[in-house]
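Below you'll find the structure, written out as structure tokens, and then a few comments.
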Amino acid sequence: MTPQRYARIQSALARRQPDLTVLLDRVHKAHNLAAVLRTCDAVGIHELHAVPLPGSWKPAKGTSLGSERWIEVHLHASAELAAQQLRERGFLIYAAHLCADATDFREADYTLPCALLLGAEKQGVSASAAALADRRIVIPMLGMAASLNVSVAAGMILAETQRQRLQAGLYQGPRLPPASYRRALLRWTHPVIAAYCDRQGLPYPHLDGQGELADLETWQARMRGANRGRA
């Protein structure tokens, strides 16, 4: 871990937006999933929620350029369950959905805790999912096409989201809860160790000021003791 790499990771985590997320409703094409993940990372989204079709969560590696490593992905059985969990955490839900009461996407306030709900290719947001939204938004179409690719729509809306949040100063300092920050920091700097801890249900080790494991021998001894206790 070079000092430059560690500084870049810390800088990215300091601009993560814990009160901004995306909810994908049955989006299944690998290149679209990957492109949305990459855009989420670019605007500082820390976690993404999705209602996948069975076996469909497989973002294209080339398109995402590894962005799935930087985004926490939460899969849900239904849009209703996902929306309920997000609402319990204080999120408003903005659905990109063409309907009579939809407004220009630039009129929505994205500085509030909010989730952008995007629907599947061709079908869009399902009627049941759209009914869950606090607001329905659209991207005005001035040509012959009636809609945009879901990843392009995500990019346009999230660019406006970033603009509003930059103007409001929401990228000026760390906003992740300390426990979430520490967990993400280890996952980003030492993904193999983090994955091992996750599989074994073990606590994460602490990092020193250079992003290296602090007191590695002590942590390894604790892990050996925990593993013996499981035997």
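Read-outs: derived from the displayed coordinates by stated rules, not from any lab. All values derive from a computational prediction rather than experimental measurement. Glycine gets a Cβ as well: all are built from the backbone with ideal geometry, and neighbour counts include every protein chain shown.
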How large is the charge dipole for the stretch 17-167, taken about the Cα centre, if only the Cβ atoms of Lys, Arg (+1) and Asp, Glu (-1) carry charge, to the nearest 20 debye? 400
Compute the helix-to-body angle for 191-200: its Cα long axis versus the longest principal axis of the chain, expressed 0 to 90° and rounded to tens. 80
For Ile137, residues with placed amide H under 5 Å, excluding near neighbours: Ala95, Ala96, His97, Thr103
When the Karplus curve 6.51 cos²θ - 1.76 cosθ + 1.60 is applied with θ = phi - 60°, which whole-Hz ³J(HN,Hα) does each residue of the stretch 81-92 get, with x for Gly and Pro? 5, 4, 5, 4, 5, 5, 5, 5, 8, x, 7, 7
Which of [x] 1.02; [y] 1.00; [z] 0.97 gives Rg/Rh (Cα atoms, Kirkwood Rh) as computed here? It is [x]
Pairwise centroid distance, computed over Cα atoms, of the stretch 194-211 with the stretch 122-165, Å: 38
When the Karplus curve 6.51 cos²θ - 1.76 cosθ + 1.60 is applied with θ = phi - 60°, which whole-Hz ³J(HN,Hα) does each residue of the stretch 11-28 get, with x for Gly and Pro? 5, 5, 5, 5, 10, 5, 10, x, 10, 9, 8, 10, 10, 9, 9, 6, 5, 10
Compactness of the stretch 178-230 - radius of gyration and Dmax, Cα, Å: 11.0, 32
Taking the Cβ of each residue in His76, His206, His49 as the centre, tally the other Cβ atoms inside 10 Å and list the residues starting with the fewest. His206, His76, His49
Please list, ordered by chain and number, the residues whose modelled amide H lies under 5 Å from the amide H of Val73; skip anything fewer than 5 residues away on the same chain. Leu48
Stretched fully, the stretch from Glu212 through Ala14 gains (0.36 nm per residue minus C-alpha distance, one decimal, in nm) 69.4 nm
Computed over the chain: longest principal axis from alpha-carbon atoms vs helix 216-230 long axis, angle to nearest 10 degrees, is 80
Rounded to whole Hz, the Karplus (6.51, -1.76, 1.60) HN-Hα couplings of the stretch 137-145, x for glycine and proline: 10, 9, 9, x, 10, 10, x, 7, 5
Here, Ala159 and Ser78, labelled 7 Å along Cα→Cβ, have an inter-label distance in nm of 3.7
Once both axes come from the Cα atoms, what is the angle between helix 30-42 and the longest principal axis of the chain, in degrees from 0 to 90, rounded to 10? 70
